[in-house]
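Accompanying notes for the structure given below.
The values are calculated or read from the model by the stated rules, or taken from the named source; none is laboratory data. Just so it is clear, the model here is predicted, and its values are computed rather than measured. Here the Cβ positions follow ideal geometry from the backbone for every residue, glycine too, while neighbour counts run over all protein chains shown. Side chains included, ligands, DNA and RNA excluded: accessible areas come from the protein's heavy atoms. Shrake-Rupley method; radii C 1.70, N 1.55, O 1.52, S 1.80 Å.
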Amino acid sequence: MTIETFVADRLAALKADGNYRVFADLERHRGAFPAATRRAAEQAAEVTVWCSNDYLGMGQHPDVLAAMHAALDRSGAGAGGTRNISGTAHEHVLLERELADLHGKEAALLFTSGYVSNWAALGTLGAMIPDCLILSDALNHASMIEGIRHSRAERLIWKHNDLADLEARLAAQPLERPKLIAFESVYSMDGDIAPIAGICDLADRYNAMTYLDEVHAVGLYGPRGGGIAERDGLMNRLTVIEGTLGKAFGVVGGYIAASANICDFIRSFASGFIFTTALPPHVAAGAAASIRHLKASRTERVQQRARVAQVRARFDQIGLPHLPNPSHIIPLMVGDPVKCKFISDTLLDEHGIYIQPINHPTVPKGTERLRITPSPVHGDADIARLCDALEHLWCQCQLARRPMAAQ
Ligand SMILES: *Cc1c(COP(=O)(O)O)cnc(C)c1O
């Protein structure tokens with residue numbers, strides 16, 4: 001067996017399982033997003049994107065683009081080094097200040113992505129704190145799981161969002177043992193939200209630290225876009241808050257916000273922070289502009305909520321089974337991998353609507369779904385076209401509908 005035959009066999013097996021992923025090759029249109037041109041082979045077609053994590057359209061906001069153009073003209077393309085060796089630009093320093101302020105923490109530390117921030121921060125804390133136990137929610141993101149694994153700390157998985165299960169596991173440990181509870185606020189596949197206050201109460205009672213991934217909440221919740229912890233007045237109770245600059249903020253990058261000492265510690269010991277080129281200065285400037293805008297403006301958040309409510313109401317009218325949840329994410333449940341992919345392909349090819357199918361292993365078998373993320377940039381006509389196309393395909397696939405107007 002050669003490497004070529006090995007990889008070809010594995011890819012064939014992946015395709016046979018229906019788990020092979022194909023990219024949609026898109027050209028987003030600044031100023032007109034969610035409109036994009038999709039390129040496939042020799043052809044090009046106009047599509048409307050309904051599954052973007054650029055939740056508020058900040059990736060085309062004039063303030064963000066102006067800040068990026070200005071920084072590019074001022075400082076050039078790349079940072080030119082790691083943060084330690086000539087790569088710290090003033091834009092990074094300003095962005096870290098902006099982030100610390102957003103979360104009401106003493107300090108913040110930038111990484112090249114949210115994935116890297118989870119991997120590096122959890123990896124470093126778990127590895128360096130003697131005898132640290134990490135209690136990880138069962139549905140945590142791959143980046144947290146990889147960070148915890150990399151740390152080689154002992155790990156306990158607690159039932160998703162289940163305070164009783166978490167408490168039982170905490171109570172079984174010596175009070176003085178260092179413990180870290182790792183969890184998310186908004187879970188991106190079901191759109192459910194963690195009981196953060198209850199988790200913080202348990203952390204206090206059982207002497208544990210808390211690490212909260214707010215990736216799907218920053219920019220979107222709280223009076224200044226600080227996330228669910230800001231909305232619920234809990235930011236000061238969390239040891240570490242982690243977020244991304246690549247979703248609602250519309251740019252790219254990741255960060256943690258915490259005490260000055262914790263940020264300094266991770267800055268000093270995390271390989272994934274130290275040994276990689278810093279974000280380009282214009283990226284940092286764009287992210288800072290986006291955060292600043294969303295601290296002051298509620299308009300985008302209010303519009304997004306209205307669009308989400310509008311899509312849900314229309315789905316209820318036509319009986320489409322969307323999972324109820326308190327967030328901005330609408331999981332439309334198909335429950336069959338072949339039909340899920342068929343609906344997604346047909347939406348794209350015949351209706352110019354792009355929604356990536358979510359199949360196993362991302363979600364459990366039998367819960368295959370279309371994950372829909374309405375945003376302020378979707379208009380009434382976009383919503384009407386989406387709902388008409390889905391209604392048609394639901395009939396064609398003979399999928400069950402919910403009784404009209406059922407909740
Ligand atoms: C997307 C995501 C990340 C990673 O963030 P990136 O900036 O995209 O690398 C981390 N945690 C969760 C829960 C995510 O969904």
**Fill in**
Scanning the range 61-75 residue by residue, those part of a helix (DSSP H, G or I) and surrounded by 14 or more Cβ atoms within 10 Å (Cβ to Cβ) turn out to be D63, V64, L65, A67, M68, A70, A71, L72, S75
**Prompt:** How many of the residues in the range 34-53 are assigned to a loop (DSSP other than H, G, I, E, B) and touching a strand residue (DSSP E or B) at 6+ places or on another chain (Cβ under 7 Å)?
**Reply:** 3
**Fill in**
If we keep only residues of the range 359-399 that are open to solvent by 80 Å² or more (accessible area, probe 1.4 Å) and part of a loop (DSSP other than H, G, I, E, B), then the residue modelled with the lowest pLDDT is Q398
**Complete:** How many residues of the range 136-153 are hydrophobic (A, V, I, L, M, F, W, C), under 23 Å from G191 (Cβ atoms) and away from the ligand (no atom under 11 Å from the Cβ)? The answer is 1
**Asked** Considering only the range 98-128, how many residues are within 16 Å of the ligand (Cβ to nearest atom) and among the small types (G, A, S)?
**Response** 7
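Residues checked against (1) among the small types (G, A, S); (2) surrounded by fewer than 19 Cβ atoms within 10 Å (Cβ to Cβ); (3) in contact with a strand residue (DSSP E or B) (Cβ under 6 Å, 6 or more places away or on another chain):
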site	(1), (2), (3)
Y55	no, no, no
G59	yes, no, no
A77	yes, yes, no
I85	no, yes, no
V93	no, yes, no
E96	no, no, yes
L99	no, no, yes
**Prompt:** Checking D190 against (1) within 16 Å of the ligand (Cβ to nearest atom); (2) open to solvent by less than 40 Å² (accessible area, probe 1.4 Å), which test does it fail?
**Reply:** (2)
**Message:** Report every pair of residues separated by at least 6 positions or lying on different chains whose Cβ atoms are under 9 Å apart, first residue within the range 1-14 and free of Cβ contacts under 8 Å to residues at least 60 places away in the same chain, second open to solvent by 60 Å² or more (accessible area, probe 1.4 Å) and in a helix (DSSP H, G or I).
**Reply:** M1/D9
**Message:** For the range 236-250, give me the residue count where each residue is open to solvent by less than 30 Å² (accessible area, probe 1.4 Å) and more than 10 Å from the ligand (Cβ to nearest atom).
**Reply:** 5
**Request:** Would you check which residues across the range 311-334 are without any contact (Cβ under 8 Å) to a residue 40 or more places away in the chain and more than 20 Å from H216 (Cβ to Cβ) and list them?
**Result:** A313
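Based on what the data block shows, is L95 within 15 Å of the ligand (Cβ to nearest atom), in a helix (DSSP H, G or I) and closer than 23 Å to G222 by Cα? Give the derivation first.
Details: within 15 Å of the ligand (Cβ to nearest atom): yes; in a helix (DSSP H, G or I): yes; closer than 23 Å to G222 by Cα: yes.
Yes, satisfied.
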**Of the criteria (1) within 15 Å of the ligand (Cβ to nearest atom); (2) open to solvent by less than 10 Å² (accessible area, probe 1.4 Å); (3) within 29 Å of T82 (Cα to Cα), which one A270 fails** = (1)
**Fill in**
The condition of being of a type in the set (A, V, I, L, M, F, W, C), under 27 Å from C51 (Cβ atoms), touching a residue at least 40 places away in the same chain (Cβ under 8 Å) and more than 13 Å from the ligand (Cβ to nearest atom) holds, among V308, V283, V218, V302, only for V308
**Within the range 193-215, tally of residues that are within 16 Å of the ligand (Cβ to nearest atom) and polar (S, T, N, Q)** = 1
**Prompt:** Name the pairs: first residue in the range 141-170 and open to solvent by 10 Å² or more (accessible area, probe 1.4 Å), second residue within 16 Å of the ligand (Cβ to nearest atom) and of a type in the set (S, T, N, Q), Cβ to Cβ under 6 Å, at least 6 apart or on different chains?
**Reply:** R155/S136; I157/S136
**Prompt:** If you scan the range 37-53, which residues turn out to be open to solvent by less than 50 Å² (accessible area, probe 1.4 Å) and either without any contact (Cβ under 8 Å) to a residue 24 or more places away in the chain or under 25 Å from the mean Cα position of the chain (by Cα) (or both)?
**Reply:** T37, A40, V47, T48, V49, W50, C51, S52, N53
**Message:** If I go through the range 224-235 residue by residue, how many of them are assigned to a helix (DSSP H, G or I) and surrounded by fewer than 23 Cβ atoms within 10 Å (Cβ to Cβ)?
**Reply:** 3
**Fill in**
If we keep only residues of the range 335-358 that are farther than 26 Å from A248 by Cβ and of a type in the set (V, I, T), then the residue surrounded by the fewest Cβ atoms within 10 Å (Cβ to Cβ) is V338
**Request:** All but one of (1) over 21 Å from A285 (Cβ atoms); (2) without any contact (Cβ under 8 Å) to a residue 24 or more places away in the chain; (3) surrounded by 11 or more Cβ atoms within 10 Å (Cβ to Cβ) hold for F23, so report the exception by its number.
**Result:** (3)
